[in-house]
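Some notes on the structure that comes next.
Values quoted throughout were computed directly from the atomic coordinates according to the rules given, and no laboratory measurement underlies them. Owing to the predicted nature of the structure, the values given are computational and were not obtained by experimental measurement. Note: ideal-geometry Cβ built from the backbone for every residue, glycine included; neighbour counts use all protein chains shown.
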Amino acid sequence: MNKKQKKNLIRIIVSAVLMIVLKYVPASGIVRFLLYLIPYLVVGYDILIGAFKGIKNRQAFDESLLMAIATVGAMALAVYEDGDYTEAIAVMLFYQIGEWFQSYAVGKSRRNISELMDIRPDYANIEKEDGQIEKVDPDEVAIGTTIIVQPGEKIPIDAVVTEGTSSLNTSALTGESLPREAKPGDEVISGCVNINGLLKLRTTKEFGESTVSKILDLVENASSRKSKSEDFITRFARVYTPAVVFSALALAFIPPVVILLMGGHPFWGTWIYRALTFLVISCPCALVISIPLSFFAGIGGASKEGVLVKGSNYLEILSQTKTVVFDKTGTLTKGVFQVTAVHPEKIDENGLLHLAAHVERYSTHPIANSLRAAYPNEADNCKVENVEEIAGHGIRADVNGEVVCVGNSKMMDSIGAKWHPCDHVGTIIHVAIDGIYAGHIVISDVIKPSSKEAVLQLKKAGVYKTVMLTGDAKTVAENVAGEIGVDEVYSELLPADKVTKVEELLAQKNNEKERLAFVGDGINDAPVLSRADIGIAMGAIGSDAAIEAADVVLMDDDPLKIAKAIKISRKCLSIVHANIWFAIGVKLVCLLLGALGLANMWLAIFADVGVMIIAVLNAIRALFVKNL
Amino acid sequence: MKKSYKIDVDCANCANKMEDAAKKTAGVKDAVVNFMALKMNVEFEDGNDPKTVMEEVRKNCKKVEDDCEIFL
């Protein structure tokens, strides 16, 4: 609680106690009125002052003014009838309770969400010449400075490791609990927490350009981009309040005048009372507060899960996603080539890999890298000599006196080795020993372990169609698509073709409410990301271009997060819609009951304050997204 | 030119009113009030001094909502 909240709470309690005590004070007439005036003024003086200032500044439908008219009116009716003053005081009291609760709840969730995003580093350690460590503001650290990060500290600025090894906890950025290793030469990003080893880093960016600053900036500004629901509510509030006030005026004067003209008794008091209940219901606050609060909580909860949504509007579009288009490499597959099958002819699998790795010892070709990665203890005592690279064919070398050829089918043809094709999809590396075919090794891109589950989850989350786009060969693409279970696949596309394809898919949509999302790894697909209804970049930490181009950024490269993001948005939007219908519904019903004389002030207070409290509590649910 | 200011206001409707008031102030091209982050992002028209414009914005906001503050 801040100072203002404490003060208001005391006012509320004092006034409530006074009101109850006065019930038992035997006073009547003017004395009773003056006594009751005390709790009324205690709880409502700022509203009365606000109302007065509102009139002075010509703010016709100021909330304070409405409350002032309603309560002063009720007081006047009570004086006139020497009746019940508690109603007027109670209206003011509950209005203040509502205001207090709103301010408390909003402040609380504001703090909760900023704690979630508490990744801002407070300082950077710089080593001085005498070896002492000095803490400085990260803003003051120039590019290329050596900084020290001790165990337990956050990495303040994007940098490269120069000394030391350690594990890094990236969970604040990615929601991923598995630690990441850092060794000299590795790039590390700000916001990660150093777990165990002392690290010396050379900074590669300024603080303002570092990942952590960009992410914070993005999340803090996210709720500035307003969704359609928010716009609707703003427009609704603008019409609603004046409409209710004019209805109140009409209700106060038209029926009694009509009755009077028809020769009946006008019952002025009754109609004015009904009009006053209208005024109490007229405040649109429940709506105006709960909608942005729901979005804010939804965005906060999503960012805790490693899903950065750039604005409420994107959360709204995400919830309407019916088609998801994937890029293949780096999104559904790892984008790294690995040995996926070994088919030897006369020696064992290990022997074949062993020979192949030896021959590729000095090559930097990606295929050589994956062959060596499949046989980690390559540097043994074997003699590898006369290595010769034959362009477009492969590599030949003498290994322990035998001539080993490792390459494609053209190479096998040229040395006369009898090769045969493989039924596996991927790049086939043939091996021959002394001109005799020894078998082949299949290298292919590996599907991410969670890709299949991700597509399944998307279907469960209500996505109609999944599509995969790739520049890869048709066989490879269809193989991957079949394994993962996407509905459609388009292969051998150039980057520009991907844009055309997405445009075709956009044109196929049945109506505006069915949105198309494109998911890419942010490399080379910025144009497609911006062309789709909503662009999702994954594994985008540290990739500035992707953070710029995408509307939603998944901090790690797990495709399951796409379904998660959609589920979070659905939950948030269902809360938003529930709040809109609930708040408007209850208010309209109460207005109707009030006009018919079936509702008293107490029900009006519920329509105003009660609805707001319920809507705010409902909005806060959007924050809890862990188990979606 | 765009600038961001910290604000203090209690209710969401009042924040919307502040946004309207800021938008109508001379020299302001666009203004967005973010109630949840308690921030006001103002885009100024060219050739206007943000400082003097913001004084006006503050005055206008105070007019529509007495109980608000913009930290300049």
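Using the structure shown, select from A:LYS205/A:LYS304; A:LYS452/A:LYS498; A:LYS228/A:LYS452; A:LYS23/B:LYS63 the pairs with a Cα to Cα distance greater than 28 angstrom. Don't skip to the end; give the middle numbers.
Numbers: A:LYS205/A:LYS304 25 Å; A:LYS452/A:LYS498 22 Å; A:LYS228/A:LYS452 33 Å; A:LYS23/B:LYS63 40 Å.
Checking Cα-Cα distances, A:LYS228/A:LYS452; A:LYS23/B:LYS63 exceed 28 Å.
For the range B:45-50, the Karplus equation 6.51 cos²θ - 1.76 cosθ + 1.60, evaluated at θ = phi - 60°, returns couplings of 6, 4, x, 10, 7, x Hz by residue, with Gly and Pro reported as x. The residues packed around A:ASP497, meaning those with a beta-carbon under 11 Å from its beta-carbon, carry a net charge of -1 if Lys and Arg are +1 and Asp and Glu are -1.
With one equal scatterer per alpha carbon and no solvent term, the Debye-computed log10 I(q)/I(0) for the range A:335-447 at 0.12, 0.13, 0.20 1/Å reads -0.35, -0.41, -1.04. Beyond 15 Å, the tail of the calculated P(r) for the range A:413-501 holds 68 percent of the Cα pairs. Phi angles of the range A:478-488 translate, via the Karplus equation with coefficients 6.51, -1.76, 1.60 and θ = phi - 60°, into HN-Hα couplings of 5, 4, 4, 4, x, 5, 7, x, 6, 6, 10 Hz per residue; Gly and Pro are given as x. Projected label points at B:LYS24 and B:GLU69, each 7 Å from Cα along the beta carbon direction, are separated by 2.5 nanometres. Legend: mean number of C-beta atoms from other chains within 10 angstrom of residue C-beta atoms, peptide B:14-25, equals 2. Only helical runs count toward this figure. For chain A, summing -39,500 (n - 2.57) over DSSP H runs of n ≥ 4 and dividing by all residues gives -16500 deg cm²/dmol at 222 nm. Applying the Karplus relation 6.51 cos²θ - 1.76 cosθ + 1.60 with θ = phi - 60° to the range A:242-255 yields 3J(HN,Hα) values of x, 4, 5, 5, 5, 4, 4, 4, 4, 5, 6, 10, 5, x Hz, where x marks Gly and Pro.
What Kirkwood radius, in Å to one decimal, follows from the Cα pairs of the range B:2-71? Radius from the Kirkwood sum: 11.5 Å.
Across the options A:ALA461, A:HIS440, A:SER450, the greatest Cα extent toward the positive end of the charge dipole of the range A:421-466 (unit charges at beta carbon of Lys, Arg, Asp, Glu) belongs to A:ALA461.
Helix A:86-116 and the longest principal axis of the Cα set of chain A meet at an angle near 10°. Amide hydrogen proximity for A:THR321: with H placed 1.01 Å from N in the peptide plane, the residues at 5 or more positions away or on another chain lying under 5 Å are A:ARG515.
As a proxy for reagent exposure, ranking A:SER574, A:SER109 by other Cβ atoms within 10 Å from fewest up yields A:SER574, A:SER109. Amide hydrogen proximity for A:VAL342: with H placed 1.01 Å from N in the peptide plane, the residues at 5 or more positions away or on another chain lying under 5 Å are A:VAL442. Taking Lys and Arg as +1 and Asp and Glu as -1, the other residues whose beta-carbon sits under 10 Å from that of B:ASP10 total -3.
For A:PHE326, nonlocal amide neighbours, meaning residues 5 or more places apart or on other chains whose placed amide H falls under 5 Å from its own, are A:VAL467, A:MET468, A:LEU469, A:VAL519.
Under 8 Å for C-alpha pairs, at least 6 residues apart: give me the relative contact order for the range A:335-447, rounded to a whole percent.
32
Shape class of the range A:7-98 from the Cα gyration tensor (axes a ≥ b ≥ c, square roots of the eigenvalues): oblate, since a/c reaches 1.5 or more and a/b does not exceed b/c. Counting lysine pairs in the range A:499-628 whose alpha carbons fall under 29 angstrom apart, excluding pairs fewer than 8 residues apart on the same chain, gives 21. When each of A:ASP445, A:ASP525 is scored by the number of other beta-carbon atoms lying within 10 Å, the sequence from fewest to most is A:ASP445, A:ASP525.
As a ratio to 2.2 N^0.38 Å, the alpha-carbon radius of gyration for chain A is 1.37.
For chain A, the longest principal axis of the C-alpha atoms and the axis of helix A:211-222 are separated by about 30°.
Each Lys and Arg adds +1 at its Cβ and each Asp and Glu adds -1 at its Cβ; summed about the Cα centre, chain A shows a dipole of about 3560 debye. Straight-line reach from B:LYS29: taking Cα to Cα under 16 Å and skipping same-chain neighbours fewer than 8 places apart, the lysines in range are B:LYS2, B:LYS3, B:LYS51.
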